[in-house]
Amino acid sequence: MGASTPEPLHVAIIGAGITGVNLALGLLARGVSFTLYERAPCFGEIGAGIGFSPNAERAMGALSPDVLAAFKRVANPNGEDYFQWVDGYGSGKLFFKLHVGKDGFQGGRRSDILDAWAKLVPPDTVQFGKEIDTITQPPSTHKLRLHFKDGSTADADAVIGCDGIRSRVRHLLLPPSSPAIQPGYTRKFCFRALAPLSAAIAAIGEHASTTRFMYIGPGAHVITYPVANNTLLNILAVLSEPDSGSESGSGSGSDWPHASHTHTAPGHKRQAAAAFRGWHETVRGIVDLFPDEMEKWAIFDMAAHPAPAYTKGRVCVAGDAAHATGPHLGAGGGMGIEDALALAALMEEVKKRVEQKGGEEKKGELVERALEVYEEVRYTRTQEVVKATREACDLFHWRDERGRDPERFGREITEKFHRIWNYDVDEMVEEALELLDQRAA
Ligand SMILES: Cc1cc2nc3c(=O)[nH]c(=O)nc-3n(C[C@H](O)[C@H](O)[C@H](O)COP(=O)(O)OP(=O)(O)OC[C@H]3O[C@@H](n4cnc5c(N)ncnc54)[C@H](O)[C@@H]3O)c2cc1C
C-alpha cells in the first residue's frame, strides 16, 4: 500500500436508530463517504413517543439544517412552553413548572421522526439485513474488515457502533470479562401507550392532554405529551419495583423475568391500575386510557457498570451503545445526537487532512486520534447524564425526600435539566477540532 494517493475516508456506521441516522446525515452534509449497516430489513422504530430537549435540537441544527427541519415537521407543539409537574398522589395540583424555551422540548411519534430523517438518507448508502459479528484488521490492507452474520464482509477506515444498548460493537471493544458488556436492570419498569387524544380529553380534560406533564408520587411517575399532530397522547408510566432503592448491577436479584436479556414482558392494564390505586383521579384516568393487554418494559442502563472507554483504535461506540441511560430526563436520544455531531465534525476534519496530506497509514492514525478526541469531549458529559437520570427518578418517586417539597424539587430539577439543555454544542465542536489539531500535529 505505502503512502500513495489515498482513497477517500470511508466510515462504517453500525445501526440505523436515532444515533446512526443522525450521524449518517451529518456525514452526508459534510461530504464524508459512509455506509450505514442495519440488521433489520428496513428503518424501524416503535410507535411510542419521544421528545427532544433544546440541546438535542441545537445538535440537530448543527448536524444539518435539514435534520432539524425534518424533526420539526413531525414534532407536536406543546400547548404551553413549560414542563409541568403535578403532585399525582395527593392534591393533583401543579407542583412545579419549568420553561422549556419557545417551542422547546416537543415530542413526536418515534416512527414518524425516524421516517422523516430516513427519507433524507440516500438509499445507496444503506445496507439492511447486515448484523455485525466481528471486526478484523487483515494484513493485506490498512482498512478494517467488517464481518456480518450473513457471511458477507465490507471494508472501512473507521467503524462507529450506533447499535444500541446491547451493542455488539461495545462487546468487541471491551475485554471479554468487562461488566460493561451487558447493561444492568435498574429495577424500574414501565408501561407505554398512545391513546386517542379525544379519549384523553374526555378523561382528563383538554389542558392536561395537550401539553407536557409529569405526575409524581411514591414509587412511580407518569409522563404525558401530545404527538401525531394532536391526535394521540403519549403515556409513559414508570414504576419502581418494591424496595428498589436507587440501585443495582447487571440484573442481579431482579424480579424481572430473565432480566439480563429481556426488555419486554406481557402486561395488563389491571397491573398498572393496581400500582396507581390511591393516586389522584387524574392519574387513574390516564392509566385507564391504557389498552387492556400491553407490554411492560424493563428499564436498563449502564450506570452501575459504565463503559470504561468509548473508543479502541479506529472503532468506537456512540449513543446508547456507549452510555445507555433511563428515560427519566428525556435525554438519552439527545446524547446520541450530540455524539453524532462530534463524530461528524471530526470525520470531516480527518477527510480534509487526508485530502491535503495523503497516505493510507496517515489516514489510519488520523482516525485513531479523532476517535480519541471524540471520547475525550463526550465521556464526562454523557456519564453525567446517566447518573443524573437515576437521581431524577429518585426525586420523581419520592425516594429522595426533596421530591416531596416543591421548592427543593424545583431547585434540584431545574439544575439537572439546565445542565443538559444549556450545553453549548458549538463549543463542543470547537474544542474537538482544537484537540485534534494538537494531537494530529
Ligand atoms: C421508555 C423510554 C423513553 C425514552 N424517551 C426519551 C425521550 O423522550 N427523549 C430522549 O432523548 N431519549 C429518550 N429515550 C432514550 C432513547 O430512546 C435512546 O437513547 C435512543 O433511542 C437510542 O438510540 P440509538 O440509535 O443509540 O440506539 P437504538 O435506537 O437502540 O438503535 C440501534 C440500532 O442498531 C441496530 N443494531 C443493533 N445491533 C446491531 C448489529 N449487531 N448489527 C447491525 N445493526 C444492529 C438496531 O436494529 C437499531 O436499529 C427513551 C428511552 C426509553 C426506554
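All of the numbers you see were taken from the coordinates with simple rules; none came from a lab. Just so we're clear, the structure is a prediction, and the values are computed from it rather than from any experiment. Quick reminder, even Gly has a Cβ in these numbers, built from the backbone with ideal geometry, and neighbours come from all protein chains shown.
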Averaging sequence separations of C-alpha pairs under 8 Å and six or more residues apart, then dividing by the length of the stretch 1-113, give the relative contact order as a whole percent.
-> 26 percent
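Would you mind checking 119/312; 149/188; 119/149; 102/188; 97/416 for any pair whose Cα atoms are more than 21 angstrom apart? All intermediate terms of the calculation are to be shown ahead of the outcome.
Values: 119/312 32 Å; 149/188 33 Å; 119/149 27 Å; 102/188 32 Å; 97/416 14 Å.
119/312; 149/188; 119/149; 102/188, as the Cα separations exceed 21 Å there.
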Those helices of the chain passing the 18 Å axial Cα length cut-off and the mean Kyte-Doolittle cut-off of -1.0 (DSSP H runs only) are 332-357, 360-396, 425-439
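What fraction of the Cα pairs in the chain, stated in percent, has a spacing above 43 angstrom? Please list the in-between numbers first.
Working: 12855 of 97020 pairs.
The answer is 13 percent, as a whole percent.
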With the dipole of the chain worked out from charges on the C-beta (+1 for Lys and Arg, -1 for Asp and Glu) around the Cα centre, which of 291, 429, 340 lies farthest toward the positive end?
-> 291
Coarse-grained scattering of the stretch 32-98 at q = 0.17, 0.19, 0.23, 0.25 Å⁻¹, given as base-10 log I(q)/I(0) from a Debye sum over alpha-carbon atoms | -0.89, -1.00, -1.18, -1.22
Quick one: which residues, 5 or more positions from residue 106 or on another chain, have an amide H under 5 Å from its amide H? H modelled 1.01 Å from N in the peptide plane, none for Pro or chain starts.
-> 52
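Around residue 77, under 15 Å between beta carbons, what's the net of Lys plus Arg minus Asp minus Glu among the other residues?
Details: positive: 72, 73, 102, 109, 212; negative: 57, 80, 81, 103, 112, 206.
Charge balance in the 15 Å sphere: -1.
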In nm, spacing of pseudo-spin labels at residue 198 and residue 295 (7 Å Cα→C-beta vector) = 2.9 nm
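Quick one: compute the contact order of the chain, relative version, from alpha carbon pairs under 8 angstrom and 6+ residues apart, as a percent. Can you show the working numbers first?
Details: 952 pairs, mean separation 96.6, N = 441.
For the chain, the relative contact order is 22 percent.
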Helix-derived mean residue ellipticity, 222 nm - over the chain, DSSP H n ≥ 4, -39500 (n - 2.57), to 500 = -12000 deg cm²/dmol
Using +1 at the Cβ of each Lys and Arg and -1 at the Cβ of each Asp and Glu in the chain, identify which of 268, 225, 156 lies farthest towards the dipole's positive end.
-> 268
P(r) of the stretch 62-112 in 5 Å steps, Cα pairs, percent per bin?
-> 5, 18, 18, 19, 17, 10, 7, 5, 2, 0
Starting from the Kirkwood radius over alpha-carbon pairs of the stretch 60-204, derive D by Stokes-Einstein at 10 °C in a medium of 1.306 mPa s and give it in µm² s⁻¹.
-> 78 µm²/s
The stretch 1-98: which trypsin sites (Lys or Arg not before Pro) are DSSP loop and have at most 13 other beta-carbon atoms within 10 angstrom?
-> 93
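What is the extension gain from residue 288 to residue 352, computed as 0.36 nm multiplied by their sequence separation minus the C-alpha to C-alpha distance, in nm to one decimal?
Details: separation 64, 0.36 × 64 = 23.04 nm, distance 5.66 nm.
In short, 17.4 nm is gained.
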